[in-house]
Amino acid sequence: MKTFLIACAMCTAAACPLLFCACGGLKINPDLVENDFGGAPTSYVYTMDGEDFEEGDTFYDYLLSLRADGELQFETTAGQYGPYITSVGGLEEKYESAASGYSWMIYTDLEEYGGVIYSDASYGTWEHDGKLLNSASYGVSAMPLAEGYTYALVYSRWSY
């Protein structure tokens, strides 16, 4: 079951060194709300605004730069399709059973680029500040950065 979950979360993360513009990011404050997880942030949202990134960089590259600058703490494990995020800001994925739990998911408004579908509303959506983001079809290491698009790490409940 865990392999299936990793496959769903990471999808085809080994794919696509696509061309994308130089991109940077504007960090929107984490969602610091009272919740069932001790008030820990349950979402981190970034809108790419054209600074500091090279063609071909991924969302994972951006997250690594945030970690190197001390702006975000996260942990990964090696997955079948690349790095799989297991913890952000100290909040770890949690399994309630083999068929349900909580994991860090990627949501974005980058839907299609160069004929590749990067997110799809049919997989789920998440709203932030009036903007509807779709569940990512690709994992963090294959999700390209594109100027003007929003990317979010969201602690989400899943079940089968």
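For region 66-83, residues that are among the small types (Gly, Ala, Ser), assigned to a helix (DSSP H, G or I) and crowded, with 16+ Cβ neighbours inside 10 Å total 0. Met143 fulfils the conditions (1) farther than 17 Å from Tyr46 by Cβ; (2) in contact with a Leu (Cβ under 9 Å, 6 or more places away or on another chain) except for a single criterion, (1).
Test Thr47 against the criterion of being within 25 Å of Ser159 (Cβ to Cβ) and surrounded by 15 or more Cβ atoms within 10 Å (Cβ to Cβ), and give yes or no. The answer is no for Thr47. Restricting attention to region 133-142, the residues that are part of a loop (DSSP other than H, G, I, E, B) and either touching an Asp or Glu at 6+ places or on another chain (Cβ under 7 Å) or surrounded by fewer than 24 Cβ atoms within 10 Å (Cβ to Cβ) (or both) total 2.
Among the residues in region 126-139, are any out of contact with any Ser or Thr (no Cβ under 6 Å at 6 or more places or on another chain), more than 29 Å from Glu55 (Cβ to Cβ) and free of Cβ contacts under 8 Å to residues at least 12 places away in the same chain? Scanning region 126-139, I find at least one residue that is out of contact with any Ser or Thr (no Cβ under 6 Å at 6 or more places or on another chain), more than 29 Å from Glu55 (Cβ to Cβ) and free of Cβ contacts under 8 Å to residues at least 12 places away in the same chain, so the answer is yes.
Taken over region 96-123, the residue count meeting the criterion of being free of Cβ contacts under 8 Å to residues at least 40 places away in the same chain, touching a Phe, Trp or Tyr at 6+ places or on another chain (Cβ under 8 Å) and surrounded by 12 or more Cβ atoms within 10 Å (Cβ to Cβ) is 3. Cβ-Cβ distances below 8 Å connect the following pairs, each with a first residue in region 57-83 that is farther than 16 Å from Ala136 by Cβ, a second residue that is part of a loop (DSSP other than H, G, I, E, B) and charged (D, E, K, R), and a separation of six or more residues or different chains: Ser65/Asp52.
Residue by residue, here is whether (1) touching a Cys at 6+ places or on another chain (Cβ under 7 Å); (2) modelled with pLDDT under 90; (3) under 20 Å from Tyr107 (Cα atoms); (4) of a type in the set (Gly, Ala, Ser) holds:
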position: Asp52; (1), (2), (3), (4): no, yes, no, no
position: Leu66; (1), (2), (3), (4): no, no, yes, no
position: Asp69; (1), (2), (3), (4): no, no, no, no
position: Ile85; (1), (2), (3), (4): no, no, yes, no
position: Glu93; (1), (2), (3), (4): no, no, yes, no
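Filter region 124-143 down to residues that are in contact with a helix residue (DSSP H, G or I) (Cβ under 6 Å, 6 or more places away or on another chain) and of a type in the set (Val, Ile, Thr), then give me how many there are. Residues meeting the conditions: 1. Among the residues here, Tyr102 does not qualify as under 20 Å from Asp57 (Cβ atoms) and of a type in the set (Ser, Thr, Tyr).
The values are calculated or read from the model by the stated rules, or taken from the named source; none is laboratory data. No experiment lies behind these values; they were computed from the predicted model shown. Cβ atoms come from the backbone with ideal geometry, glycine included; neighbour counts cover every protein chain shown.
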